[in-house]
1. If you go through region 210-223 one residue at a time, do you hit one that is farther than 30 Å from I293 by Cβ, under 28 Å from the mean Cα position of the chain (by Cα) and exposed (fewer than 14 other Cβ atoms within 10 Å of the Cβ)?
2. List the residue pairs whose Cβ atoms are under 6 Å apart, where the first residue sits in region 111-135 and is closer than 14 Å to D182 by Cα and aromatic (F, W, Y), the second is modelled with pLDDT under 85 and part of a helix (DSSP H, G or I), and the two are 6 or more positions apart or on different chains.
3. For F136, indicate whether it is within 20 Å of G82 (Cα to Cα) and either of a type in the set (F, W, Y) or not assigned by TED's automatic domain parsing to the domain that holds V73 (or both).
4. Can you say whether S118 is surrounded by fewer than 13 Cβ atoms within 10 Å (Cβ to Cβ), among the polar types (S, T, N, Q) and either modelled with pLDDT under 90 or touching a Cys at 6+ places or on another chain (Cβ under 7 Å) (or both), as far as the supplied structure shows?
5. Just the residues that are surrounded by fewer than 17 Cβ atoms within 10 Å (Cβ to Cβ), among the charged types (D, E, K, R) and in contact with a Ser or Thr (Cβ under 9 Å, 6 or more places away or on another chain), please, taken from region 30-86.
6. Would you mind stating whether I200 is out of contact with any Phe, Trp or Tyr (no Cβ under 6 Å at 6 or more places or on another chain), of a type in the set (A, V, I, L, M, F, W, C), within 21 Å of R143 (Cβ to Cβ) and at pLDDT below 85?
7. Only one residue in S250, S267 is modelled with pLDDT under 75 and in the same structural domain as Y378 (by TED's automatic domain parsing). Which one?
8. What's the total number of residues in region 131-161 that are buried (at least 17 other Cβ atoms within 10 Å of the Cβ) and of a type in the set (D, E, K, R)?
Amino acid sequence: MIDKLMPYLEPVRIAVLVFPLIAAFFTIPFLIQNYRKYGGIAMMRVLVVYSFILYSLCAFFLTILPLPSREAVAAMAPKPIGWIPFTDLNTGLVKSGMDIAVPATLFSGGCWKAFFTSNDFFQIIANIIMQMPLGFYLRYYFRCSWKRTACIGFLVSLFYETTQFTGLWFLYPQAYRYATVDDLICNTLGCLLGFWLSPILTRFLPSREEIDRISYAKGQQVTPLRQAVAACADGALYLILTATLLRVVSPFSRQLDVPLRVWLISSFMVYFVLLPWLTKGYTPGCLLLKFRITNDDGTPPNPWRLFLRHSILFLVEPIFFYMAVLPLSVLLLILISVGLSWKIRLAFAGCCLLPVLLCLGFLLRCWNRWGVFPHSHYSRTKTK
């Protein structure tokens with residue numbers, strides 16, 4: 001049994017390793033979409049969505065891995081499409097000594113035991129199980145009917161089979177895995193089974209309506225994470241606009257004898273001071289996340305407070321971020337290095353974690369003492 005599972009475990013292991021990278025690229029768009037739609041994020045939604053991404057990676061990698069070399073694929077015999085339904089089932093029955101034309105063989109216990117322990121039967125069950133989670137997600141989170149679930153399950157399976165038949169979308173000279181109608185049938189059946197069996201699990205989970213209700217309730221307040229996403233959006237947009245501005249004015253800057261730092265300061269003042277002052281507290285990032293900046297008394301902030309807030313937010317507080325990230329990077333390099341004893345690694349780990357703990361301690365102290373971070377406290381502003 002373990003030998004039969006081994007070919008499936010390696011693609012899953014690779015999917016788990018790739019998942020953090022995919023999740024990192026997905027996180028900011030996911031946060032922005034949820035904050036705009038619901039105003040907040042429920043932890044259950046995060047678990048469901050990210051587990052769905054991990055499952056999708058596992059299913060796709062099970063379809064394409066392991067990847068052979070192009071030379072090996074070119075030397076393979078052509079792999080035609082298996083158009084005839086139930087070929088895998090019939091092949092497994094024949095190998096086990098059963099023949100539909102001879103009914104007596106269908107009542108042989110030894111033949112059925114040989115069939116249930118054969119690789120053909122295991123392949124059929126694996127294809128069914130592979131898409132059962134998809135049926136669960138489609139019914140529980142995406143609220144699809146069984147007809148829509150069947151269509152989506154079929155189309156997803158068709159994508160997998162087309163990927164196999166085209167040699168990973170023509171990256172290989174020919175197909176290196178078989179594409180069969182039996183896989184389409186088993187995958188679609190597995191998706192429907194997951195749909196029908198999902199109530200067994202969903203009775204222990206909050207409904208989609210409850211998740212939405214929690215998100216709307218959290219959306220009534222501007223959380224630190226919501227502010228951080230807006231700050232990331234503002235920082236990215238500011239860098240893009242500033243880089244474009246410098247590219248345009250650089251030739252004229254030399255002729256007018258205007259230092260580039262003047263353009264940098266001017267762009268900062270326009271984006272983070274003038275723009276939110278004219279819009280009564282909205283930066284593009286705040287507008288994207290649906291909140292605005294106000295004074296502590298709720299009135300629109302003046303330019304000085306906007307300048308102080310964004311100077312601390314983008315010029316001072318990032319120092320604490322780098323003080324935390326750089327030691328962690330060094331710690332990772334030390335842990336994966338070879339030739340060092342565990343005592344030396346432990347000593348370096350302590351030295352690297354100390355500034356991280358100090359930075360986190362300072363920020364938590366500010367939050368516990370003031371209820372806001374330094375950029376809001378010292379500028380006497382808040383988000384609303």
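1. Initial filter on region 210-223 (farther than 30 Å from I293 by Cβ): 210.
Okay, now just the ones that are also under 28 Å from the mean Cα position of the chain (by Cα), so 210.
Next, only the ones that are exposed (fewer than 14 other Cβ atoms within 10 Å of the Cβ) stay: 210.
Yes, some residue in region 210-223 is farther than 30 Å from I293 by Cβ, under 28 Å from the mean Cα position of the chain (by Cα) and exposed (fewer than 14 other Cβ atoms within 10 Å of the Cβ).
2. Within 6 Å, the pairs are F121/G92; F121/F115; F122/K4.
3. In short, no.
4. Values: surrounded by fewer than 13 Cβ atoms within 10 Å (Cβ to Cβ): no; among the polar types (S, T, N, Q): yes; either modelled with pLDDT under 90 or touching a Cys at 6+ places or on another chain (Cβ under 7 Å) (or both): yes.
Considered against the rule, which asks whether it is surrounded by fewer than 13 Cβ atoms within 10 Å (Cβ to Cβ), among the polar types (S, T, N, Q) and either modelled with pLDDT under 90 or touching a Cys at 6+ places or on another chain (Cβ under 7 Å) (or both), S118 comes out as no.
5. Once the filter is applied, which keeps residues that are surrounded by fewer than 17 Cβ atoms within 10 Å (Cβ to Cβ), among the charged types (D, E, K, R) and in contact with a Ser or Thr (Cβ under 9 Å, 6 or more places away or on another chain), region 30-86 yields only K37.
6. Details: out of contact with any Phe, Trp or Tyr (no Cβ under 6 Å at 6 or more places or on another chain): yes; of a type in the set (A, V, I, L, M, F, W, C): yes; within 21 Å of R143 (Cβ to Cβ): yes; at pLDDT below 85: no.
Answer is no for this residue.
7. Working: S267 fails: modelled with pLDDT under 75.
Going through S250, S267 in turn, the sole match is S250.
8. Step one: list which residues in region 131-161 are buried (at least 17 other Cβ atoms within 10 Å of the Cβ), which gives 131-141, 144, 149-150, 152-154, 156-157, 160-161.
Those still in the list that are of a type in the set (D, E, K, R) too: 139, 161.
Of the residues in region 131-161, 2 are buried (at least 17 other Cβ atoms within 10 Å of the Cβ) and of a type in the set (D, E, K, R).
The values are calculated or read from the model by the stated rules, or taken from the named source; none is laboratory data. All values reported here derive from a predicted model rather than from experimental measurement. Every residue, glycine as well, gets a Cβ built from its backbone with ideal geometry; the counts of neighbours run over all protein chains shown.
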